[in-house]
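Beneath this line is the structure, given in structure tokens, with notes to follow.
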């Protein structure tokens, strides 16, 4: 996939992330997942790494079932969604979209 194709995907992705609280829940899920992964590595509890995706997936599910229903793009394209999440988070922290 080239940049133009990803930009088109990101436009669709952002159409289902207009709700600021949905974006915040997504960010919280990623922070929890990253924290769990880091904790597992620091404390050498490597089996916990298997659980790392679940806080983010739960946040996505809550965000799109409760806060902004109707989006199904995330579970159809998980790798692109991860990249789109990272771009969205950068844009949130840099003020390009509301935090």
Item checked: 0 to 90° range, to nearest 10: angle between helix 78-93 axis and the chain longest Cα axis -> 80 degrees
Notebook entry, point to check: GNM, the chain, Cα, under 10 Å: largest mean-square fluctuation among 18, 45, 65?
Noted result: 45
Checklist line | Average Cα contact separation per residue, the chain, under 8 Å, 6 or more apart, as relative contact order % | finding: 33 percent
Check: In the Gaussian network model of the chain, springs joining C-alpha atoms below 10 Å, which of 81, 44, 11 carries the largest mean-square fluctuation?
Finding: 44
Next item on the list: Can you tell me how much longer the chain between residue 61 and residue 1 gets when fully stretched, taken as 0.36 nm per residue apart minus their C-alpha distance, in nm with one decimal?
Entry: 19.0 nm
Item checked: Expected 222 nm ellipticity per residue - DSSP helices of 4 or more, -39500 (n - 2.57), all of the chain, to 500 -> -21000 deg cm²/dmol
Notebook entry, point to check: How would you rank 96, 23, going from fewest to most other Cβ atoms within 10 Å of each one's own Cβ?
Noted result: 96, 23
Next item on the list: Report, in degrees rounded to the nearest 10, the 0 to 90 angle that the Cα long axis of helix 20-42 makes with the longest principal axis of the chain.
Entry: 30 degrees
Check: For log10 I(q)/I(0) by the Debye sum over Cα atoms at q = 0.15 Å⁻¹, which listed value, (1) -0.89; (2) -0.55; (3) -0.62, comes from the coordinates shown?
Finding: (3)
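Where a number appears in this text, it was derived from the coordinates with a stated rule and is not lab data. None of the values given here were measured: they were computed from a predicted structure. Here the Cβ is made from the backbone with ideal geometry for all residues, glycine too, and neighbour counts use every protein chain on show.
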